[in-house]
Amino acid sequence: MFDGLLTALGIDPSQWRALTRTYVRIDFRAAGGPTRRHGAGRAGSSALVGILIVSGIGGIAFAFIAAATPDTLLSASLLATYGAANTMMLLLVDFTGVVVSPDDYGILGARPVGSRTYFAARLSAVGVYVGAISVVIALFPALVYTVRLGPLAALAAVLSVLLCNLTTAVLVISGYVALLHHVHPARLRRALSYLQLVAAMSFYVTYYIATRAFRSTFLNRTGFDGAPWLWALPTTWFAALVAVAGGHAPAAAWAAALAALLLSALCVPLAAGRISLDYARRIGEMTAVGEPASAHRELRLPGFGRDEARAIALLVRAQFRFDQRFRMGVLGIIPLTAFYVLIGMDQGVLQDPFSPTAHVTGAGVFFALVFIPMTLHAALTVSESWRAAWIFFAAPASHAHIVVAAKNFVTVYFLGAYLIVLALFWSVFFDRVWHAFVHALFAGLLAHMLLQLAVMVKPALPFAAEPRKAERSGAMFLVFVAGAIAAGVFPSLLLIIYRSLPLTFGVLVFVLAVTAVIEYALRLRIEEAIGDLEFRG
């Protein structure tokens, strides 16, 4: 019966099963790139497992919210917003890895695979990832709704998160693919980068406004009756399914639930015209066609003018220009950083920490300080052009110098630039200008120490590993955890240190000494970890 339905829709059942099974299973194989002699390469466990664990932790938190909030619609709206945020980040950070691969057209283009079959297989693979995350997020809140409202409300909670996340995925995919009809592949790389930047900024602004509105509503106990404009949020429409299933829902909830179902239904034909083999062909052309060369004089960056450091500087610059994945990873950090700085400003980020009356504030800024270097360094390890990394194993270059140069490049030209801007910004509001620069120096040293430890735990050659689906998204979730810990500890610690000028100077010298020791240990660790690697294509 199911095969007959697929055939009626123009989908080959056998090809659909084979492609869907392959797309899901391929993410559990060992990836190509550097591997130990007689080893199996990078671990075959999918990054989806890590994302599911973090999503489950978030689901537990929202289960407590559902239990403590008498307004079912409010708690369900928070849950749906969280699910949409996870889906949006997954697609913005790892779009081509999750949705489509540039290799699809080269492999399937010459084979008798129809576009509808390809679309169904790709959509099924995306549905597996989004569906698994949605169920894990909604599982624990659904248990709470079962106790409070009955099993029908629990089912509606899972359905609302699932439909909301799938709708979000389709809308994001449609926005990306719409560019293919208007932009030549030679310019598509840059256009996609700008689209990601604008979309991410719009999303985080909307998410920030929504969370502030929900927080105010929750604290004031006004509910949707006191803030009717909350019905304008699309995530509220999907959350209305829970209120309707729980019974005694107002007429507005019924209308919102109907709007959610209609929006989900409209996304089916919208997605059907987006994901196709022609789309895969254009993505493949984007990776193969370079942008027109522009006349520019060769620049030698200070500190990276010779040997391995020079090579890494040129490599990172070229990858940012031609590697769509890396460029999106870098540009995607900008709006997220602004988002956390905005959160920090709500907590008093402009307060001078050297002031005797200062209190612990600015956790969002420290989160961003940890987030920027660690995420950028993680983006430096993978590339669609990973097969070209054989040069690292054939050239007479030191692996330790290469890895350290990549870490230093991130520190100097990304973290350093951010710290300079932040220090100038702080100097306008702090009591003394030197307070701002000393505070930025301490923050930078602490962020650099965390980056050193991260590289020591998992050293990797730049752009040498094959990208795997959702791997960057999983790494970002881990960075979120590390950033949250650092953001909670660093402001309190620095507030104590700044109470005494001699103590401040002594701690500064101590941190510099510890940084030098870690740097020496890092080089020994890299030689030990990477020295016996060999390349596997």
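The values are calculated or read from the model by the stated rules, or taken from the named source; none is laboratory data. What you see is a predicted model; the values in this text were computed from it and never measured. Don't worry about glycine lacking a Cβ; one is built from the backbone with ideal geometry, like all the others, and counts go over all protein chains shown.
For the stretch 24-34, state whether one or more residues are of a type in the set (Val, Ile, Thr) and either surrounded by fewer than 18 Cβ atoms within 10 Å (Cβ to Cβ) or at pLDDT 70 or above (or both).
So far as the stretch 24-34 goes, yes, one or more of its residues are of a type in the set (Val, Ile, Thr) and either surrounded by fewer than 18 Cβ atoms within 10 Å (Cβ to Cβ) or at pLDDT 70 or above (or both).
If I go through the stretch 53-69 residue by residue, how many of them are free of Cβ contacts under 8 Å to residues at least 12 places away in the same chain and outside any helix (DSSP H, G or I)?
Within the stretch 53-69, residues that are free of Cβ contacts under 8 Å to residues at least 12 places away in the same chain and outside any helix (DSSP H, G or I) number 0.
So for the stretch 457-471 (the condition being in a helix (DSSP H, G or I), out of contact with any Pro (no Cβ under 9 Å at 6 or more places or on another chain), under 30 Å from residue 91 (Cα atoms) and modelled with pLDDT under 85), does at least one residue qualify?
yes
Please tell me if residue 132 is over 18 Å from residue 243 (Cβ atoms), modelled with pLDDT of 65 or more and surrounded by 15 or more Cβ atoms within 10 Å (Cβ to Cβ).
Here the answer is yes, as residue 132 does meet what is asked.
Write out, first by first residue and then by second, each pair whose Cβ atoms fall under 7 Å of each other, whose residues are 6+ apart or on separate chains, and whose first residue, in the stretch 402-414, is farther than 13 Å from residue 526 by Cα while the second is not hydrophobic (A, V, I, L, M, F, W, C).
That search, which allows pairs on different chains as well, returns 410/373; 410/377; 411/373; 411/448; 412/303; 414/373.
Restricting attention to the stretch 368-380, does a residue exist that is at pLDDT 80 or above and either farther than 23 Å from residue 455 by Cβ or buried (at least 20 other Cβ atoms within 10 Å of the Cβ) (or both)?
Yes, there is a match, as at least one residue in the stretch 368-380 is at pLDDT 80 or above and either farther than 23 Å from residue 455 by Cβ or buried (at least 20 other Cβ atoms within 10 Å of the Cβ) (or both).
Kindly provide the set of residues from the stretch 287-305 that are at pLDDT 70 or above and either under 21 Å from residue 378 (Cα atoms) or surrounded by 10 or more Cβ atoms within 10 Å (Cβ to Cβ) (or both), ordered by number.
303, 304, 305 - these are the residues of the stretch 287-305 that are at pLDDT 70 or above and either under 21 Å from residue 378 (Cα atoms) or surrounded by 10 or more Cβ atoms within 10 Å (Cβ to Cβ) (or both).
Is it true that residue 393 is buried (at least 16 other Cβ atoms within 10 Å of the Cβ) and either of a type outside the set (Gly, Ala, Ser) or modelled with pLDDT of 75 or more (or both)?
no
Going by the conditions given, is residue 113 surrounded by 17 or more Cβ atoms within 10 Å (Cβ to Cβ) and at pLDDT below 75?
In short, no.
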